[in-house]
Structures are given as structure tokens and as C-alpha cells.
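Trainee: Handing you this structure, nothing more for now.
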Amino acid sequence: MRRAVVCGAGGFIGGHLVKRLKREGTWVRGADIKEHEFAPTAADEFLLLDLRERENCEAALTVDGGPFDEVYQLAADMGGMGFIHSAECEIMHNSALINIHMTHAAAEMGVPRYFFSSSVCVYRDMQPGEPEMTEAQAIPAHPDNEYGWEKLYSERMAMAYGRHHPMAVRIARFQNCYGPEGTWTGGREKAPAAICRKVAEAEEGGLVEVWGDGTAVRSYTYVDDMVDGIYTLMGSDLEGAVNIGCPQYVTVDELVQTVAEVAGKRIRIEHVAGPVGVQSRNFSNARIYGLGWRAQVELKEGIERTYPWIEEQVWAGERR
Ligand code: NAD
């Protein structure tokens with residue numbers, strides 16, 4: 001039986017990835033500094049470990065009859081734009097340490113396949129309508145934030161280990177990902193979850209605050225599509241970084257309107273000062289399309305699957 005470790009299994013995408021690997025018949029060990037907040041883990045075994053520590057990375061990968069066949073590295077000090085702008089030191093320090101120690105441990109312990117979760121935050125800011133950027137165009141580098149710089153560094157480190165060890169390295173640059181069982185409040189939530197929460201909290205006809213002027217262009221990938229992309233990429237021979245994203249581009253205001261429509265609420269948008277991030281992103285998915293992968297879930301359908309879960313969390317909070 002194939003055996004895998006998912007680092008960051010107590011988080012949003014890691015939690016969903018564990019479920020997918022289990023469905024595919026893999027024996028899964030999850031590792032995270034915390035348990036999953038929203039669902040019991042589907043992993044066969046779950047280790048609570050601070051992966052900034054070298055010994056803990058080794059412990060995560062130690063198993064009888066080893067090594068593990070695959071390591072999926074999704075652990076990161078992570079959040080939406082508000083967190084990314086306020087916690088620059090934590091991101092640079094904590095996520096780099098996790099990646100330094102985990103990549104090294106995996107290579108030293110003979111893991112044959114290693115996945116690293118990078119981000120489209122490695123790209124520079126773009127204007128709406130600019131030609132698509134390919135993976136190679138991340139260099140010369142000019143990410144908008146330190147989170148993107150850490151991801152670029154960790155990509156390069158993983159590739160270096162892949163060149164010098166018999167370890168196949170697969171790197172995905174995730175676009176914004178959303179879905180149920182992700183952080184939806186507390187300051188680390190990303191835009192789709194934050195907007196769902198604000199709409200769920202709003203009265204009929206009420207105000208919803210949106211950071212910036214609402215014109216920033218984004219695209220959002222539903223978590224099942226993202227997990228499918230990870231699984232497809234890990235099973236492939238595609239080397240180097242690979243963008244994974246849904247090609248449906250919307251403004252932030254259009255995202256809010258979509259959520260309001262799904263909620264069946266009339267809302268008014270109030271634009272307020274706040275960290276927005278880049279104006280636009282438009283990057284090529286040609287590499288992952290070459291493997292036959294396509295996003296299956298459009299934004300409205302994804303919000304229809306996400307909003308009820310967040311609304312239920314909001315109501316549960318109000319009942320407490
Ligand atoms: P998440 O915050 O839900 O999951 C990350 C997990 O890492 C958390 O459970 C957290 O507890 C764990 N972690 C943090 N520090 C740790 C430590 N010291 N030791 C052990 N575990 C630790 O985030 P997510 O949205 O599931 O993201 C997963 C990966 O995908 C991250 O690497 C993230 O940077 C990347 N990514 C996510 C998105 C997105 O839109 N969600 C976009 C681009 C890239």
C-alpha cells in the first residue's frame with residue numbers, strides 16, 4: 001500500500017487532500033502543529049508536531065519499513081492579505097524553517113517523491129488584461145509581498161534537493177483557494193471566506209465592508225479542483241513550478257455580488273481602506289492543462305458549496 005505524509009493536514013487544503021488520498025487507497029499520516037478545527041481528521045495517524053524543528057520533521061517522516069512513498073508539504077504560517085501584510089516576520093521565519101527542515105529531512109531519509117505548495121503570490125503585480133504570465137516569468141522576481149518571496153526561496157530549495165538527491169520534486173503554485181472547512185474568521189481568513197462571513201452576518205439590505213475600491217481582479221479555485229490538481233501533478237513527470245488555477249477572472253465587487261446572490265440577500269458594498277494586494281493576476285495554466293487537468297467548478301457553484309457551511313459557522317457562533 002502506498003504511504004504518504006501530509007504536512008499541514010490540520011489545515012484547509014491539507015485536510016481535503018488527506019480525504020482524497022484516503023479515497024485513492026493511500027495510507028496517510030497527517031502532521032500539523034494543531035488539530036483540524038472544523039472536521040475530524042481522515043488520516044490513519046495524526047502527529048501534533050511543530051515542523052519548524054528539525055527533529056520534528058524527522059519524526060514526521062520516521063516509519064517502520066520506511067521511507068514514505070510521498071511527502072506533501074502544505075504546512076505554512078499562512079493567512080489572507082491582512083495577515084500577509086501584518087505578519088511578515090512570522091511568515092519569513094516560520095515557513096522558511098518548516099521548508100528548510102522538511103525538504104532536507106525528506107531527501108536525507110530517502111523519500112522518492114516530494115510535493116511543495118507554492119503560490120501565485122510569487123508573481124509581480126499586473127494590470128487587468130495583460131497577457132498571461134508563464135511559470136518561467138516569475139523570474140526576474142518582484143513579488144508583491146514577503147509571503148511570495150519565501151515561496152520562491154522554498155521552491156528553489158526543493159528543486160536544488162531534487163537535483164542532488166534521488167527525490168522527484170513537484171511544485172504547484174496555487175491560486176486563491178476556497179471551500180468549506182477553511183479558516184473563515186479570526187484574521188487569517190482569505191477573501192472568499194471573509195466575504196461569505198460578512199454577507200452571512202449582514203441584515204437584508206445591510207452594508208458589507210470591502211477592502212480597497214473593489215476593482216482588483218482575482219480568480220478563485222474551488223478546493224476539490226485544487227486537490228485534484230495536486231494529485232494529478234504528483235502523479236506526473238512534470239518538473240519545475242506549475243500554476244494551478246481556475247481561469248474565471250472576477251473583480252472583488254463581483255465576488256461580493258456572487259456571494260450575495262447565493263445567500264439570497266440584497267446588500268450594499270462599502271469600500272474601506274485595507275490591504276488589497278496586487279491589482280490583477282493573469283497567469284497561464286498551460287502546463288497543468290497538458291496533464292489533462294481543468295478546473296470543474298465555476299465561482300457561483302463553488303460559492304453555493306461554501307456559503308452554507310460558513311453561514312452555519314456564523315449561526316453556531318451566535319447560538320453559543
Ligand atoms: P492553512 O493555514 O489552513 O494550512 C496550513 C497549516 O500549516 C495549518 O493547519 C497550520 O497549523 C500548519 N502549520 C503552520 N505552522 C506550522 C508548524 N510550525 N508546524 C506544523 N504545522 C504548521 O492554509 P491552506 O490554505 O490549507 O494552505 C496550505 C498551503 O497552500 C500553504 O503552504 C499555503 O501557503 C499554500 N497556498 C494556499 C493558498 C490558498 O488560497 N489557501 C494559495 C496559495 C498557496
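The values are calculated or read from the model by the stated rules, or taken from the named source; none is laboratory data. Everything numeric in this text was worked out from a predicted model, so none of it was measured. Positions of Cβ are backbone-derived with ideal geometry, glycine not excepted, and every protein chain shown enters the neighbour counts. Ligands, DNA and RNA are excluded from the accessible area calculation, which covers all protein heavy atoms including side chains. Shrake-Rupley method; radii C 1.70, N 1.55, O 1.52, S 1.80 Å.
Trainee: Could you derive backbone 3J(HN,Hα) for segment 156-172 from the dihedral phi with the Karplus parameters 6.51, -1.76 and 1.60 (θ = phi - 60°), listing whole Hz in sequence and x where the residue is Gly or Pro?
Mentor: Rounded to whole hertz, the list is 5, 5, 4, 5, 4, 5, x, 6, 9, 9, x, 10, 6, 10, 10, 10, 10.
Trainee: Leaving ligands and nucleic acids out of the surface, order ARG320, ARG124 by accessible area at 1.4 Å, largest first.
Mentor: So the residues, ranked largest to smallest area, are ARG320, ARG124.
Trainee: Another question, if that's okay. Compute the acute angle (0 to 90°) between the alpha-carbon long axis of helix 12-23 and the principal axis of greatest extent of the alpha-carbon atoms of the chain; round to the nearest 10°.
Mentor: 60 degrees
Trainee: Ranking request for peptides 132-139, 80-87: highest mean number of other beta-carbon atoms within 10 Å first, then the rest in descending order.
Mentor: Top of the packing list down: 80-87, 132-139.
Trainee: Nearest 10 degrees, 0 to 90: what angle lies between the long axis of helix 96-108 and the longest principal axis of the chain (Cα atoms)?
Mentor: 30 degrees
Trainee: Here's a follow-up. Counting Lys +1, Arg +1, Asp -1, Glu -1, what net charge surrounds ARG170 among other residues with beta carbon under 10 Å of its beta carbon?
Mentor: Counting the neighbours of ARG170, the net charge comes to -2.
Trainee: Can you give me the long-range amide H partners of PHE38? Hydrogens built in the peptide plane at 1.01 Å from N, cutoff under 5 Å, separation of 5 or more residues or another chain.
Mentor: Here the answer is none, since no amide H 5 or more places off falls under 5 Å of that of PHE38.
Trainee: Then there is this: For segment 1-135, what relative contact order do you get, as a whole percent, if you take Cα pairs closer than 8 Å and at least 6 residues apart?
Mentor: 24 percent
Trainee: Still on this structure, I have one more. Per residue, how much accessible surface does segment 154-239 expose to a 1.4 Å probe? Answer in Å², no decimals.
Mentor: About 38 Å² of surface per residue is accessible.
Trainee: So the label point goes 7 Å from the Cα of TYR289 along Cα→C-beta, right? Which residues of segment 206-250 then have their backbone N under 14 Å from it?
Mentor: 243-249
Trainee: Setting aside same-chain residues fewer than 8 positions from LYS198, which lysines have a Cα under 24 Å from its Cα?
Mentor: LYS190, LYS265, LYS300
Trainee: When the Karplus curve 6.51 cos²θ - 1.76 cosθ + 1.60 is applied with θ = phi - 60°, which whole-Hz ³J(HN,Hα) does each residue of segment 75-83 get, with x for Gly and Pro?
Mentor: 6, 6, 7, 9, x, x, 4, x, 5
Trainee: Within segment 155-182, name every residue whose backbone N is under 17 Å away from a label modeled 7 Å from Cα of THR134 along the Cβ vector.
Mentor: 173
Trainee: Shifting gears a bit: In the chain, carbon and sulfur make up what percent of the accessible area (probe 1.4 Å)?
Mentor: 50 percent
Trainee: Moving on to the next point. Once you have the Cα-Cα distance between ARG124 and GLU35, take 0.36 nm times their residue separation minus that, and quote the gain in nm to one decimal.
Mentor: Difference between extended and current length: 28.6 nm.
Trainee: Looking at the chain, what % of its DSSP beta bridges pair antiparallel, to the nearest 5?
Mentor: 10 percent
Trainee: Step through the residues of segment 32-38 one at a time and calculate ³J(HN,Hα) from phi using the Karplus curve (6.51 cos²θ - 1.76 cosθ + 1.60, θ = phi - 60°), rounding each to whole Hz and writing x for Gly and Pro.
Mentor: Each residue's phi maps through the Karplus curve to give 6, 7, 9, 6, 5, 7, 10 Hz.
Trainee: Okay, next question. What residues have an amide H closer than 5 Å to that of GLU189, excluding those fewer than 5 places away on the same chain, when H is modeled at 1.01 Å from N in the peptide plane?
Mentor: GLY80
Trainee: For segment 30-97 and segment 231-296, compute the distance between their C-alpha centroids and round to whole Å.
Mentor: If we compute the Cα centre of each part, the gap is 24 Å.
Trainee: Taking each pair of distinct Cα atoms in segment 143-296 once, what is the resulting Kirkwood hydrodynamic radius in Å?
Mentor: Value: 17.3 Å, from the Cα pair sum.
Trainee: Just to verify a number: what accessible area does ASP125 come out at with the full protein assembly present, 1.4 Å probe, Å² rounded to tens?
Mentor: Roughly 60 Å² of ASP125 is accessible to a 1.4 Å probe.
Trainee: Would you mind checking segment 191-222 for residues with the amide N under 15 Å from a putative spin-label position 7 Å along Cα→C-beta of THR185?
Mentor: It comes to 193-203, nothing else.
Trainee: Also: What full-extension length gain, to one decimal in nm, is calculated for HIS142 and GLN296 as 0.36 nm per residue of separation minus the Cα-Cα distance?
Mentor: Gain on stretching HIS142 to GLN296: 52.3 nm.
Trainee: Got a sec? What order do TRP149, TRP184 fall in by accessible area at 1.4 Å, biggest, i.e. largest, first?
Mentor: TRP149, TRP184
Trainee: Compute the signed sum of charges (Lys and Arg +1, Asp and Glu -1) over the other residues within less than 15 Å, Cβ to Cβ, of LEU291.
Mentor: Combined, the nearby Lys, Arg, Asp and Glu give -1.
Trainee: I would also like to ask the following. Taking all pairs of distinct Cα atoms, average 1/r, flip it, and tell me the Kirkwood hydrodynamic radius of the chain in Å to one decimal place.
Mentor: Taking every pair of different Cα atoms in the chain, averaging 1/r and inverting gives 20.0 Å.
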